[in-house]
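The values are calculated or read from the model by the stated rules, or taken from the named source; none is laboratory data. The model shown is predicted, which means the values in this text are computed figures rather than measured ones. Neighbour counts are summed over all protein chains in view; Cβ atoms, including those assigned to glycine, are modelled from backbone coordinates with ideal geometry.
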2 protein chains.
Amino acid sequence: MIEPTADRVPRRRAETRRRLLEAALPVFAEEGFGRSTVEQICERAGYTRGAFYSNFASLDELFLAMWEGRSAAMITAVRAAFDAFTPVELPDVRAVVERVLPAIPVDDAWFRVSAEFTAHALRNPGLRRVMTAREEAIAEALMPLMVELLARAGRSIPDPVALGQALVATHDGTSVQCLMAPDNPLVWQRRRDLYVQVITAYTEET
Amino acid sequence: MIEPTADRVPRRRAETRRRLLEAALPVFAEEGFGRSTVEQICERAGYTRGAFYSNFASLDELFLAMWEGRSAAMITAVRAAFDAFTPVELPDVRAVVERVLPAIPVDDAWFRVSAEFTAHALRNPGLRRVMTAREEAIAEALMPLMVELLARAGRSIPDPVALGQALVATHDGTSVQCLMAPDNPLVWQRRRDLYVQVITAYTEET
DNA sequence: CCCTTTCGATACACGGACGTATTGAGTACG
DNA sequence: CGTACTCAATACGTCCGTGTATCGAAAGGG
């Protein structure tokens, strides 16, 4: 059924995979997932289609692999940002937001890709499960850190899951707005405000 | 330059256009915009590609036309829901949310399409302007109604624009979650809660 | 009632993307 | 050092979608 992942991955293959995955993001971002072709990705990565098909069964498979790689990277990035927060003492909610938010990048290219992935996943039950699982993993990885940080800010969280969902929604919803009007600082400011309001509403002073 | 829109639209053509636009939504929803073809749309609408090309210059053009039609329809639908609210007296914030929210449908197909439209628009400056303009129109149409309703609930809005942006973000962000887990009533409940919290945070008692 | 105009169907030529089967080069391993 | 294997390149046949140009039929105007 599910093959145990080979733990001895040949040097050559690993490199090719990596390059293809790397090349895929910009292609998807520029062309849109639906309009992207295997050839475009191979061209950008400096390979031929032969290389592609010996690494992935289909564009969908690469798409999924890329998604998983990126979200894992995102988790570690945010975790790092949290860790870097350690020295600060007794921040308030706004300070937490102002400090942590830059660590969650609003990346134009990545946003476009994940928007399309979302649409794609809504269409495909298998992918949908993968995606919700991934989101849960992100929440589970980040919420404990969030709890601790907020505790330091003197706030307790009655329902961490609800806060998690609210934060994800806030992130998703405001990201679009910021990307649509990237040069309008007000929009970015309101994004931070919304985070503050949401966190405040879902926590209480201890 | 810009041709003045012919105000005498032939019977036949108007019908064909309508049918094509109608057929386009399900095709985009099922296949994804990028993977949709002119032929699929024509087939579903019961026409040949000839009909398509004598009504639209490209798929993009149809896409945009469809988007404008749908968002206009959405505005009138919500406005109707607001109007139907008149009889209620002195609601609280939660009552407003519980009552108005069902009027803003979380439509699976439409959501997928607009997610892809968003991604597409982020890639195309022209479309981006169209989209922000459309969003502003929606906000402008709905906020006055919102203001009035909340006034009846005894709440004033210091910064209506900020509230508008926050509500749009809330809508966008929570819609995904609901569509991803359509059978989880908790997610829907938390969506309503978030609306309540946001509105409460952005208004004050009079 | 005819004549003009408009619209949608058909036919055509073209390009491009797909997936596979085969080949040759590079790599690991005995 | 040589053999066996792995992986990427090439070549191939195929299918599908595009956009245009042409033609026939309906609608509308005088």
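Out of segment A:95-149, which residues are of a type in the set (Val, Ile, Thr) and touching a Ser or Thr at 6+ places or on another chain (Cβ under 6 Å)?
Matches in segment A:95-149: A:Val106 only.
Tell me, which residue of segment B:173-190 that is of a type in the set (S, T, N, Q) and within 7 Å of chain A (Cβ to nearest Cβ) is surrounded by the most Cβ atoms within 10 Å (Cβ to Cβ)?
B:Thr174
Can you name the number of the only condition in (1) β-branched (Val, Ile, Thr); (2) farther than 30 Å from A:Leu167 by Cβ; (3) modelled with pLDDT of 90 or more that A:Val93 fails?
(2)
Hey, B:Ala57 hits all of (1) over 23 Å from A:Thr37 (Cα atoms); (2) without any contact (Cβ under 8 Å) to a residue 24 or more places away in the chain; (3) not in a loop (DSSP other than H, G, I, E, B) but one; which does it fall short on?
Tallying (1) over 23 Å from A:Thr37 (Cα atoms); (2) without any contact (Cβ under 8 Å) to a residue 24 or more places away in the chain; (3) not in a loop (DSSP other than H, G, I, E, B), B:Ala57 fails exactly one: (3).
Would you tally the residues in segment B:42-54 being crowded, with 16+ Cβ neighbours inside 10 Å and in a helix (DSSP H, G or I)?
Residues that pass the stated criteria total 5.
For every residue, the table says whether it meets (1) within 14 Å of chain A (Cβ to nearest Cβ); (2) assigned to a helix (DSSP H, G or I); (3) within 26 Å of B:Glu135 (Cα to Cα); (4) away from DNA strand D (no atom under 16 Å from the Cβ).
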| position | (1), (2), (3), (4) |
| --- | --- |
| B:Phe33 | yes, no, yes, no |
| B:Gln40 | yes, yes, no, no |
| B:Leu62 | no, yes, yes, no |
| B:Met66 | no, yes, yes, no |
| B:Arg79 | no, yes, yes, yes |
| B:Val96 | no, yes, yes, yes |
| B:Val100 | no, yes, yes, yes |
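Going through B:Leu142, B:Leu163, B:Leu127, B:Leu150 one at a time, which residue ends up being within 13 Å of another protein chain (Cβ to nearest Cβ), within 24 Å of A:Ala201 (Cβ to Cβ) and touching a residue at least 24 places away in the same chain (Cβ under 8 Å)? Explain how you work it out, then say what you get.
Working: B:Leu142 fails: within 13 Å of another protein chain (Cβ to nearest Cβ); B:Leu127 fails: within 24 Å of A:Ala201 (Cβ to Cβ); B:Leu150 fails: within 13 Å of another protein chain (Cβ to nearest Cβ).
Criteria check complete, one pass: B:Leu163.
Mind checking which residues of segment B:191-200 are within 9 Å of another protein chain (Cβ to nearest Cβ) and closer than 18 Å to B:Ala139 by Cβ?
Once the filter is applied, which keeps residues that are within 9 Å of another protein chain (Cβ to nearest Cβ) and closer than 18 Å to B:Ala139 by Cβ, segment B:191-200 yields only B:Val198.
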